[in-house]
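Structure first, commentary second.
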Amino acid sequence: MTLEPPITQPLRRGNCSGGEWVSRFLDLKDEDNISSLDNVTYDTLVNWMKEGMTRYMDSLQTTIPDLTTSQENGGKIIHYHGEQDSSILTGSSVHYYDSVRQTMYPGKSYNESKTELKEWYRLFLVPGAAHCAANSAQPNGPFPQTNFEVMTRWVEEGIVPTTLNATMLQGDNKGNNQQVCAWPLRPYWKDSGDTLTCEYDQASIDNFTYTFDAYKVPLY
């Protein structure tokens, strides 16, 4: 078996998706990072992913796409992901959302299944946002601040969140309000950036629907 070249970039310290995950949850050491990346290859990373998925299947696994129990009990899901998340690939949320659509509504067309899914589960990709936070590298990007209120109105009043309310938390436009489009619609700004529209754009959508081919079992 030919191994891929060693990893040359450091895994992020203090992040459970990086060095701390390996040392604390896989090697079971009371350390916040691995000591080095010597002899760590692409194959090593794949094995780490498989080991973590197997060991923590009952507590941390998020790839199960059959949400029938939640849906039948009237559950609603607001799922959002920063488009510049450096810890978890944005495409992973897109893949998971689509796997729920295909699993829950087999045999139906894309448009039919998408229409039924969005009645109770909506995915929002936040432009420029980082991992669970605004992004200092793109300070004029919006970030959701009222999700609990939005969810409450959806559940109790039937007000469907066609867009997700968001606020600019830093930068020149700090305090301004924007809306985040529901997937698969993509944001486009018109009139010199003054008007936001949510549009279907296949080329943009394709950027997030690449193939995860490192392992056979879906691992998002």
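Which of the residues spanning the stretch 107-123 are closer than 28 Å to I159 by Cβ and part of a loop (DSSP other than H, G, I, E, B)?
As a first pass, look at the stretch 107-123 and keep what is closer than 28 Å to I159 by Cβ: 108-123.
Residues satisfying the conditions are K108, S109, K118, E119, W120.
Across the stretch 139-160, the qualifying residues are those that are under 18 Å from the mean Cα position of the chain (by Cα) and not in a helix (DSSP H, G or I), and the one among them that is surrounded by the fewest Cβ atoms within 10 Å (Cβ to Cβ) is Q145.
Among the residues of the stretch 98-106, are any part of a loop (DSSP other than H, G, I, E, B) and within 23 Å of Y210 (Cα to Cα)? Write out each step before concluding.
If we filter the stretch 98-106 for residues that are part of a loop (DSSP other than H, G, I, E, B), which is where we start, we get 105-106.
Going one step further and asking which of them are within 23 Å of Y210 (Cα to Cα), we end up with 105-106.
So far as the stretch 98-106 goes, yes, one or more of its residues are part of a loop (DSSP other than H, G, I, E, B) and within 23 Å of Y210 (Cα to Cα).
Among the candidates G107, G74, G128, G52, which residue alone is modelled with pLDDT of 85 or more, over 11 Å from the mean Cα position of the chain (by Cα), surrounded by 13 or more Cβ atoms within 10 Å (Cβ to Cβ) and on the phi > 0 side of the Ramachandran plot? Before you say what the answer is, go through the steps one by one.
On the way: G107 fails: surrounded by 13 or more Cβ atoms within 10 Å (Cβ to Cβ); G74 fails: surrounded by 13 or more Cβ atoms within 10 Å (Cβ to Cβ); G52 fails: on the phi > 0 side of the Ramachandran plot.
Being modelled with pLDDT of 85 or more, over 11 Å from the mean Cα position of the chain (by Cα), surrounded by 13 or more Cβ atoms within 10 Å (Cβ to Cβ) and on the phi > 0 side of the Ramachandran plot holds for just one of G107, G74, G128, G52, which is G128.
H131 meets each of the listed conditions (1) assigned to a loop (DSSP other than H, G, I, E, B); (2) within 21 Å of T115 (Cα to Cα) apart from (2).
Apart from one condition, S23 fits all of (1) at pLDDT 90 or above; (2) open to solvent by 50 Å² or more (accessible area, probe 1.4 Å); the exception is (2).
Quick one: in the stretch 77-96, of everything that is of a type in the set (S, T, N, Q) and closer than 20 Å to A182 by Cβ, which residue is surrounded by the fewest Cβ atoms within 10 Å (Cβ to Cβ)? First the steps, then the outcome.
Here is the first cut: in the stretch 77-96, the ones of a type in the set (S, T, N, Q) are 84, 86-87, 90, 92-93.
Still in the list and also closer than 20 Å to A182 by Cβ: 84, 90, 92-93.
Values: Q84: 15, T90: 17, S92: 18, S93: 22.
Within the stretch 77-96, the match that is surrounded by the fewest Cβ atoms within 10 Å (Cβ to Cβ) is Q84.
The values are calculated or read from the model by the stated rules, or taken from the named source; none is laboratory data. These numbers come from a predicted model, not from an experiment. Note that each Cβ is placed from the backbone with ideal geometry, even for glycine, and that neighbours are counted across all protein chains shown. For the accessible areas, the whole protein counts, side chains as well, though only heavy atoms, and no ligand, DNA or RNA atoms are used. Shrake-Rupley method; radii C 1.70, N 1.55, O 1.52, S 1.80 Å.
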